[in-house]
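Engineer: Quick one: this structure, given as structure tokens, is what I'll be asking you about.
Computed from the coordinates by the stated procedures, all read-outs in this text should not be read as laboratory data. Quick caveat, the model's predicted, so the values are computed rather than measured. Here the Cβ is made from the backbone with ideal geometry for all residues, glycine too, and neighbour counts use every protein chain on show.
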Amino acid sequence: MQRIINGIVFDGQPSKDRWIVTVHDLGNGHREGVVQRAVDWQEIGPLAPGAEPMAPTDEEVQDRIDANRKRAARRAKTRVRRLCKAQGLDTLFTLTYRANQVDLGLCKQHFELLRKRMGRLLGGWCYVAAFEQQQRGAWHIHVATHALPRTFRVHGCLVKSFNVVRAMWRDIAGALGGNFDQSRKKRHSRKSPARVASYLSKYILKAFEDGADFSKRYLSSRCELPRAVRIELRTHSLRDLVDLLHGEVCEGARQLCSAWVSPFGDVVYLCGEVP
């Protein structure tokens with residue numbers, strides 16, 4: 001790949017011995033780590049006098065747009081995953097409509113009303129919400145949050161939390177017929193935040209595949225993610241770097257819960273969590 005900076009052409013090639021190691025401690029026992037090959041940039045020289053970069057073809061322009069959208073989708077997916085982990089969200093539920101409600105703006109307004117009510121009910125509410133459109137066009141919301149208490153005290157009486165939240169959502173949805181779904185509770189309730197994060201973040205890539213603006217497909221309570229530690233190392237042994245990364249990610253009582261390697265073998269991802 002090439003870059004032109006102040007009229008100087010630079011050529012970038014994957015480094016043979018330089019690697020970037022990044023470790024992200026997200027709290028709640030979660031750590032993520034990445035090893036990736038660095039890029040070596042070499043100055044080629046100045047552009048010829050009067051020369052200008054060739055205008056890209058329509059196909060090249062479209063390829064760049066698609067590549068940028070893929071990168072943005074991956075960044076959004078990564079952020080959703082890390083928000084779930086950093087907040088320790090271990091429970092999922094779904095908010096739906098009985099009617100064919102196809103207005104995303106209205107769906108977000110309804111969720112904002114629920115967010116305020118949940119905040120008052122719990123004294124603050126941590127969540128990450130992803131919006132998905134069904135095949136018929138109706139919107140529904142997947143919400144990652146902390147496990148709700150078994151009951152809430154309402155007007156002096158103990159009421160099951162499921163019934164309280166369902167009643168609030170139905171009141172907000174009105175004639176559209178809202179429903180609060182915990183039918184997947186056995187599989188997802190009180191699961192590892194890593195699994196919850198994986199389940200929720202997949203909807204970001206689904207939005208990309210649908211050609212939608214995935215950046216508007218999720219909302220989160222305020223959460224400042226910890227800064228990652230990033231170092232550069234020189235070695236010809238990727239195995240040594242992976243061993244080093246594994247030691248950082250699985251330090252203490254943490255266990256490896258996910259790992260993958262890029263098709264070219266130049267990026268390795270590991271994540272660990274306390275079981």
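Engineer: Measure nothing but the geometry: give the 0 to 90° angle between the long axis through the Cα atoms of 104-122 and the longest principal axis through the Cα atoms of the chain, rounded to 10°.
Structural biologist: On a 0 to 90 degree scale, this one is about 70.
Engineer: Given HIS30, ALA48, TRP19, which one lies farthest toward the positive end of the charge dipole of the range 11-93, if we put +1 on the Cβ of every Lys and Arg and -1 on the Cβ of every Asp and Glu?
Structural biologist: Positive-most Cα among the choices belongs to HIS30.
Engineer: What's the extension gain from HIS155 to THR22 if we count 0.36 nm per residue and subtract their Cα-Cα distance?
Structural biologist: Full extension of this stretch gives 42.8 nm more.
Engineer: What does the charge dipole of the range 107-202 about its Cα centre add up to, to the nearest 20 debye, if the Cβ of each Lys and Arg holds +1 and the Cβ of each Asp and Glu holds -1?
Structural biologist: That gives the range 107-202 a dipole magnitude of about 400 debye.
Engineer: With each pseudo-label sitting 7 Å past Cα toward Cβ, what's the GLN36-ASN68 distance in nm, one decimal?
Structural biologist: Here the answer is 1.9 nm between the modelled labels.
Engineer: Between 0 and 90 degrees, rounded to the nearest ten: what's the tilt of helix 238-249 against the longest Cα principal axis of the chain?
Structural biologist: 30
Engineer: Would you calculate the separation in nanometres between label points at ASP58 and LEU238, each defined as 7 Å from the Cα along the Cα-to-beta-carbon direction?
Structural biologist: 3.9
Engineer: Moving on. Describe numerically, in nm with one decimal, the distance between label points set 7 Å from Cα along Cα→Cβ at ASP181 and at LYS116.
Structural biologist: Those two pseudo-labels are separated by 2.7 nm.
Engineer: Among 38-46, 92-100, how do they line up by average Cβ neighbours within 10 Å per residue, starting with the highest?
Structural biologist: 92-100, 38-46
Engineer: Then there is this: Past 26 Å, Cα to Cα: identify those pairs from LYS160/LYS206; LYS160/LYS191; LYS16/LYS202, in the order given.
Structural biologist: Listed pairs above 26 Å: LYS160/LYS206; LYS16/LYS202.
Engineer: Could you tally the net charge around GLY178, taking each other residue with its Cβ under 13 Å from the Cβ of GLY178, Lys/Arg +1 and Asp/Glu -1?
Structural biologist: +2
Engineer: Then there is this: Find how many whole Å separate the alpha carbon centroid of the range 111-158 from the alpha carbon centroid of the range 213-275.
Structural biologist: 30
Engineer: How far is helix 161-173 tilted off the main Cα axis of the chain, in degrees rounded to 10, range 0 to 90?
Structural biologist: Helix 161-173 sits at roughly 80 degrees to that axis.
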